[in-house]
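See structure below.
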Amino acid sequence: MTDESYVAFAEFAAAAWPRLVRTAHMLTGDFHEAEDLVQTTLAKAYARWSRIPADEALAYFRRALINNNISRVRRKRVAHLLMPFLPEAVHRTHGGHAEVTEERAALTTALATLPNRQRTVMVLRYFEDMSDQEIATALNCSLGTVKTHARRGLAALRDHPALASDTLSTGASR
């Protein structure tokens, strides 16, 4: 890899890191595993960097992140202990800090109960703001499969006790 290509990869990785870690955290439910997943994804794709079109780099790495997570889940098949908060929320000092932390913890807990594919669809749709077609492409499945996972995932989240509380003001609560 040339010095120019290395610099371009390093700049991309630094810029994409927070977003990829946030997505990975929602997929894994554990901040440390999320960082490991992103690091593994970047390391695996480093050799292919010169063949990835610049305008498709984020989509490529998001897809690679999803694939690596699916492989990770297949390999491990163990329950994960979830962090009760998103790490970036800890450092905020605004008035609603406790409420925001509680809502995110409830959402993370509820997401952890979903099957891997439903959780992936929920994260890509609502946290990555991807369309159903983009999700279908990323997951290499049909549009109908994405819609089914989304419908079932939303139903499960609506019925989850952590999100059904009257104290939460999220869109997924009743």
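Below is a table of values for the structure above.
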{"read-out": "Relative contact order of segment 14-77, pairs being alpha-carbon contacts under 8 Å that are 6 or more residues apart, as %", "value": "33 percent"}
{"read-out": "For segment 1-54: accessible area per residue (Å², 1.4 Å)", "value": "56 Å²"}
{"read-out": "Accessible surface ranking that places the most exposed of Glu33, Glu99, Glu128 first, with a 1.4 angstrom probe", "value": "Glu99, Glu33, Glu128"}
{"read-out": "Accessible heavy-atom area order of His25, His32, highest first, probe of 1.4 Å", "value": "His32, His25"}
{"read-out": "Under the Karplus curve 6.51 cos²θ - 1.76 cosθ + 1.60, θ = phi - 60°, whole-Hz ³J(HN,Hα) for segment 110-115, x wherever Gly or Pro sits", "value": "5, 4, 5, 7, 6, x"}
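The values are calculated or read from the model by the stated rules, or taken from the named source; none is laboratory data. Note that this is a predicted model, so its numbers are computed, not measured. Quick note on the areas: whole protein, heavy atoms, side chains included, nothing else; ligands and nucleic acids left out. Shrake-Rupley method; radii C 1.70, N 1.55, O 1.52, S 1.80 Å.
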